[in-house]
Amino acid sequence: MAGLNNNANDIKISPPRWLLAELTYACPLQCPYCSNPLDYAKYPDELSTDNWKRVLTQARKMGAVQLGFSGGEPLTRSDLVELVSHARELGYYSNLITSGYGLTEEKIVQLKEAGLDHIQVSIQASTQELNDHIAGTQSFNHKKEVARLVKKNGYPMVLCVVIHRENIHQMPEILAMAEELGADYLELANTQYYGWAHLNRDLLMPTKKQFDEAERIAQAYKEKVTGKMKIYYVVPDYYEDRPKACMNGWGTTFLTIAPDGVALPCHEARSLPGLDCPNVKDHSIEDIWVNSKAFNFFRGFDWMKEPCRSCDEKEKDFGGCRCQAYLLTGDMYLADPVCSKSPEHGKIQDAINDAASANLAENEKPLVFRNSRNSKSLNLIADIND
């Protein structure tokens, strides 16, 4: 499809290219920076195998070519191999985004035979003590073994380490660990502050000095391993003066399906008020993508307020992240405060100052970990406040 037309706003709509299938919110890990919603315990239902197959088929028919199986932990789904096989039949390039926890060589072989193209394994730190503390699960040695098995079975070794204040001091050791594991690709993903990470922001955000030193080390190492390992260093929004392009443009490229079937323009979008996000149980993917209120909400530029509306960079960054604007200002229509042109940019500096002044006693671990008990407690607090 070259393009679709929505008569309601006369915007030429490109078809989705990237489908993120969040198969489940279940996860054996309890990472305090998890991007799952704080209230995920409210959504225990999961799409059936047949429903997921229908979603994959409809999205592929529209033009989606890249497919990510994510969660939670997608390995907790007993039908994962079946879904991978269906994706291969449809012609997707499929990627498993996993903690690696519970992944065996037998399962890797099954996924390979089913047609899985790519496995990304996350590790929380370079030492067992810190990894297992952050993950809330004894998983470090198993993760390293999984990384070796992934490479042994013919996959590129793709390693992801989320960087934050608790592990940023380990940057040299993290890089050395990735090289020792034979990583072909290393993503150093500085924490972006949504979901559980936003809840724990003051305790997770590195100081500017810490960030600058870690970036210097990573960039130097990148030169050292040129031609051997590719390193992707994802700069945190808070330390940039321009926002990243929100989903490459709202409703232009990315389609996320939550475990319960809710279709989202981005994985955080269900936190925004008034979007009325549709469910794939009730609507086709084409109807959702073209006609739903949620996917048209921030398409184009008519929704923008100043300074975005008259900004000569709006076609580059689309005003930045709508979810971040809402989290920081309470108004999802405002310019992303990350932008130095935003009247609300001071909120970013306030957050940086709060993080720098956070008083963490030695060995104190005051983080709120992502688990069902904490999710239910936060739901209760929110209900009381409402």
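The values are calculated or read from the model by the stated rules, or taken from the named source; none is laboratory data. Only a predicted model underlies this, so the values are computations on that prediction, with no experimental measurement involved. No Cβ is skipped: glycine too gets one built from the backbone with ideal geometry, and neighbour counts run over all protein chains shown. For the accessible areas, the whole protein counts, side chains as well, though only heavy atoms, and no ligand, DNA or RNA atoms are used. Shrake-Rupley method; radii C 1.70, N 1.55, O 1.52, S 1.80 Å.
All of (1) in contact with a Gly (Cβ under 9 Å, 6 or more places away or on another chain); (2) at pLDDT 95 or above hold for ASP237 with one exception: (2). One residue stands out among those in the stretch 103-161 that are in contact (Cβ under 8 Å) with a residue 60 or more places away in the chain and touching a helix residue (DSSP H, G or I) at 6+ places or on another chain (Cβ under 7 Å): the one that is farthest from LEU29 (Cα to Cα), which is GLN124.
When the residues of the stretch 109-144 are filtered to those that are among the small types (Gly, Ala, Ser) and outside any loop (DSSP other than H, G, I, E, B), the one that is most open to solvent (accessible area, probe 1.4 Å) is SER122. Here the condition is being in contact with an Asp or Glu (Cβ under 6 Å, 6 or more places away or on another chain) and within 28 Å of ALA64 (Cβ to Cβ); of PRO259, PRO278, PRO265, it holds for PRO259 alone. Here the condition is being part of a strand (DSSP E or B), open to solvent by less than 40 Å² (accessible area, probe 1.4 Å) and either touching a His at 6+ places or on another chain (Cβ under 6 Å) or not aromatic (Phe, Trp, Tyr) (or both); of LEU103, LEU96, LEU75, it holds for LEU96 alone. Residue count for the stretch 304-322 satisfying the condition of being buried (at least 17 other Cβ atoms within 10 Å of the Cβ) and outside any helix (DSSP H, G or I): 7.
With respect to ASP331, determine if the residue is closer than 30 Å to LYS61 by Cβ and at pLDDT 95 or above. Answer is no for this residue. Applying a threshold of 9 Å to beta carbon distances and a minimum spacing of six or more residues, or different chains, the list of pairs starting in the stretch 200-214 at a residue that is closer than 16 Å to VAL162 by Cα and ending at one that is outside any helix (DSSP H, G or I) and among the aromatic types (Phe, Trp, Tyr) reads ASN200/TYR33; ASN200/TYR193; ASN200/PHE369; ARG201/TYR193; LEU204/TYR33; LEU204/TYR193; MET205/TYR193; ALA214/TYR233.
For the stretch 118-145, the set of residues classified as out of contact with any strand residue (DSSP E or B) (no Cβ under 8 Å at 6 or more places or on another chain) and among the hydrophobic types (A, V, I, L, M, F, W, C) consists of LEU130, ILE134, ALA135, PHE140, listed by residue number. In the stretch 226-237 there is no residue matching the filter, namely being assigned to a helix (DSSP H, G or I) and surrounded by fewer than 20 Cβ atoms within 10 Å (Cβ to Cβ). Specify the residue that is nearest to TRP196 (Cα to Cα); the eligible residues are those in the stretch 272-301 that are surrounded by fewer than 20 Cβ atoms within 10 Å (Cβ to Cβ) and among the polar types (S, T, N, Q). Step by step, filter the stretch 272-301, then rank; the result is ASN279.
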